[in-house]
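The values are calculated or read from the model by the stated rules, or taken from the named source; none is laboratory data. Predicted model, so just to flag it, every value in this text is computed and none were measured. So basically every Cβ, Gly included, is an ideal-geometry build from the backbone, and we count neighbours across all protein chains shown. Remember, those area values only see protein heavy atoms, side chains included, never the ligands or the DNA or RNA. Shrake-Rupley method; radii C 1.70, N 1.55, O 1.52, S 1.80 Å.
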Amino acid sequence: MSKVLIIGAGGVGRVVAFKCAQNSAVFTEVCLASRTKSKCDVIAADIKVAFGYSMSTAQVDADNVPELVTLINQIKPELVINVALPYQDLTIMDACLETGVHYLDTANYEPQDEAKFEYSWQWAYQDKFKAAGLTAVLGCGFDPGVTSIYTAYAAKHHFDEIEYLDIVDCNGGDHGKAFATNFNPEINIREVTQKGKYWENGDWVETEPHEIRQELNYPNIGERASYVIYHEELESLVKNFPSLKRARFWMTFGDEYLTHLRVIQNIGMASIEPINYEGKEIVPLQFLKAVLPDPGSLGDNYVGETSIGCRIKGKKDGEEKTYYVYNNCKHQDAFDETGAQGVSYTTGVPAMIGAMMVLTKKWTGAGVFNVEEFNPDPFMEQLMTQGLPWHEQHNVDLEVQ
Ligand code: NDP
């Protein structure tokens, strides 16, 4: 018997709402709120048709703490699932503290005027959440999220010490568009155009964007050019698993995608510095977002699948061993089930499961937590039945050099 408030009605919000409705024994009441209420209404209507489940909807500006507090006091949820944008993390955390409600998100806070991916702002809430006796779950999507839980699961069950971690993220899908991003274009382009960074021997090593490239093979997809980029879960994983000698994150990009990205950067359209255009201040990247395809519209003809996993090397009983754990998700299956493509699906399902973990008290504790700090077992069990089954391989060639 639990009530949740979901904030954000994009591709990920749609999937979270669908999955909560499918798990109505846990999520007995849901309110879906966002800046544009009509988007919530469309999702709620689709869910009513699909499952006969009624959820309420609301309008909220999540940049505004008093507005959030009013809504939370009116709905009285046990937990807020934040799937708006990373810019709203702190205001929603503040509102949760003020109203005594647990918090969960899928992406770390970013100031809008500075593309900086780090947990410092949210970790600074540790004492406040502790004192309030509330749980804040950070980064509960796929990456961060499932990749962090895969790592915790491997460390718990298959290794005495994990030493080398390579998170590999392949989108082997084709949406038929010349250029589009799979989630919010502004957030996505900020992430993939920054310098690369990985952890080695106790320090961060910085690279030029897309400097390290290797062909890697992905199950059921084949060989894809993969690039080392910085990704936020690395920061908490190296802290929580200090035995790691090296931790990297690889993402696949097609040549066509990278060419578009290079042009976008070279002509200044990826800039987050405001410019004056005909008397109005605009941010080039935000303008670009407005003309690019809405990621939520990509589902219809999206074919192919994603494959995201962890390739780990370390020691077990004094012997060296390797381990690969991954999930493959077909865009078409995700669309048929929820009306959203695979990237939204692989983010929304774990957010729902994380919420379920808190509501069913499988994950407890007062404070701010990255997901790998909790028991991975009940979460891994749910992944199997909620649409993201995982597979594991022991002592295989991990390929990564
Ligand atoms: P979208 O841009 O599709 O949706 C974002 C939603 O948030 C929209 O409904 C938007 O409203 C709403 N929103 C934005 N600002 C506000 C505000 N001030 N107040 C209220 N609502 C607001 O994004 P996605 O669904 O693709 O992504 C959602 C989140 O998931 C992002 O934080 C993203 O970084 C994260 N993510 C995490 C991944 C992971 O694996 N961990 C992978 C992919 C995404 P409106 O429609 O009015 O603009």
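If a residue must be in contact (Cβ under 8 Å) with a residue 12 or more places away in the chain and farther than 23 Å from T70 by Cβ, how many such residues does segment 11-27 contain?
The qualifying residues number 11.
Of the strands (runs of 3 or more DSSP E) lying entirely inside segment 176-286, the ones with 3 or more residues being small (G, A, S) and under 30 Å from H331 (Cβ atoms) are found at 222-229. Counting just the residues of segment 147-189 that are within 30 Å of D113 (Cβ to Cβ), within 14 Å of the ligand (Cβ to nearest atom) and among the aliphatic types (A, V, I, L, M), which one comes out surrounded by the most Cβ atoms within 10 Å (Cβ to Cβ)? The selected residue is I167.
Table: residues versus (1) over 23 Å from V238 (Cα atoms); (2) crowded, with 17+ Cβ neighbours inside 10 Å; (3) in contact (Cβ under 8 Å) with a residue 60 or more places away in the chain.
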{"site": "W363", "(1), (2), (3)": "no, yes, yes"}
{"site": "P376", "(1), (2), (3)": "no, yes, yes"}
{"site": "E381", "(1), (2), (3)": "yes, no, no"}
{"site": "P389", "(1), (2), (3)": "yes, no, yes"}
{"site": "V400", "(1), (2), (3)": "no, yes, yes"}
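Could we say that T57 is β-branched (V, I, T), touching a strand residue (DSSP E or B) at 6+ places or on another chain (Cβ under 7 Å) and surrounded by fewer than 16 Cβ atoms within 10 Å (Cβ to Cβ) here? For T57, the condition - β-branched (V, I, T), touching a strand residue (DSSP E or B) at 6+ places or on another chain (Cβ under 7 Å) and surrounded by fewer than 16 Cβ atoms within 10 Å (Cβ to Cβ) - is not met. Restricting segment 286-329 to residues that are within 13 Å of the ligand (Cβ to nearest atom) and of a type in the set (A, V, I, L, M, F, W, C), the residue that is nearest to S226 (Cα to Cα) is I308. In this structure, does Q332 turn out to be modelled with pLDDT of 95 or more, more than 25 Å from A107 (Cβ to Cβ), away from the ligand (no atom under 14 Å from the Cβ) and part of a helix (DSSP H, G or I)? In short, yes.
Mind checking which residues of segment 96-113 are open to solvent by 10 Å² or more (accessible area, probe 1.4 Å) and without any contact (Cβ under 8 Å) to a residue 60 or more places away in the chain? Steps first, please.
Residues of segment 96-113 that are open to solvent by 10 Å² or more (accessible area, probe 1.4 Å), as a first pass: 97-100, 102, 106-107, 109, 111-113.
Once the filter is applied, which keeps residues that are open to solvent by 10 Å² or more (accessible area, probe 1.4 Å) and without any contact (Cβ under 8 Å) to a residue 60 or more places away in the chain, segment 96-113 yields L97, E98, T99, G100, Y109, P111.
Being under 23 Å from I149 (Cβ atoms) and buried (at least 17 other Cβ atoms within 10 Å of the Cβ) is true of V137.
When restricted to residues that are in contact (Cβ under 8 Å) with a residue 12 or more places away in the chain and over 22 Å from the mean Cα position of the chain (by Cα), segment 43-59 contains 11. Within segment 274-290, can one find any residue that is surrounded by fewer than 16 Cβ atoms within 10 Å (Cβ to Cβ), in contact (Cβ under 8 Å) with a residue 40 or more places away in the chain and under 24 Å from D169 (Cα atoms)? For segment 274-290, residues surrounded by fewer than 16 Cβ atoms within 10 Å (Cβ to Cβ), in contact (Cβ under 8 Å) with a residue 40 or more places away in the chain and under 24 Å from D169 (Cα atoms): absent.
Residue-wise test of (1) closer than 14 Å to T193 by Cα; (2) surrounded by fewer than 20 Cβ atoms within 10 Å (Cβ to Cβ).
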residue	(1), (2)
N220	no, yes
V228	yes, no
L234	no, no
L237	no, no
S243	no, yes
A247	no, no
G254	no, yes
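Confirm whether G139 is under 18 Å from the mean Cα position of the chain (by Cα) and at positive phi.
Numbers: under 18 Å from the mean Cα position of the chain (by Cα): yes; at positive phi: yes.
Answer is yes for this residue.
In the set G348, G354, only one residue is more than 22 Å from F241 (Cα to Cα), out of contact with any Pro (no Cβ under 6 Å at 6 or more places or on another chain) and of a type outside the set (A, V, I, L, M); that residue is G348. Taken over segment 114-134, the criterion of being more than 15 Å from the ligand (Cβ to nearest atom), part of a loop (DSSP other than H, G, I, E, B) and open to solvent by 50 Å² or more (accessible area, probe 1.4 Å) is satisfied by E114, A124. Among the residues of segment 1-21, those that are within 8 Å of the ligand (Cβ to nearest atom) and open to solvent by 10 Å² or more (accessible area, probe 1.4 Å) comprise A9, G10, G11, V12, R14.
Before we move on, is V303 open to solvent by 60 Å² or more (accessible area, probe 1.4 Å) and touching a residue at least 60 places away in the same chain (Cβ under 8 Å)? Walk me through how you get there before you give the answer.
Details: open to solvent by 60 Å² or more (accessible area, probe 1.4 Å): yes; touching a residue at least 60 places away in the same chain (Cβ under 8 Å): yes.
Yes; evaluated as a whole, the condition is true for this residue.
Within segment 45-64, one or more residues are part of a loop (DSSP other than H, G, I, E, B), of a type in the set (G, A, S) and away from the ligand (no atom under 13 Å from the Cβ).
Could you list, in sequence order, the residues of segment 367-401 that are at positive phi and out of contact with any Leu (no Cβ under 6 Å at 6 or more places or on another chain)? Before the answer, list the steps.
Our first condition is that a residue be at positive phi; within segment 367-401, this holds for 367, 387, 395, 399.
Answer for segment 367-401, where residues must be at positive phi and out of contact with any Leu (no Cβ under 6 Å at 6 or more places or on another chain): G367, G387, N395.
Within segment 78-113, the set of residues being more than 10 Å from the ligand (Cβ to nearest atom) and in a helix (DSSP H, G or I) comprises L90, M93, D94, A95, C96, L97, E98, T99.
Selection of segment 256-266 for residues being open to solvent by 50 Å² or more (accessible area, probe 1.4 Å) and of a type in the set (V, I, T) yields T259, V263. In the set (1) part of a strand (DSSP E or B); (2) in contact with a Lys or Arg (Cβ under 8 Å, 6 or more places away or on another chain), I312 fails one condition alone, (2).
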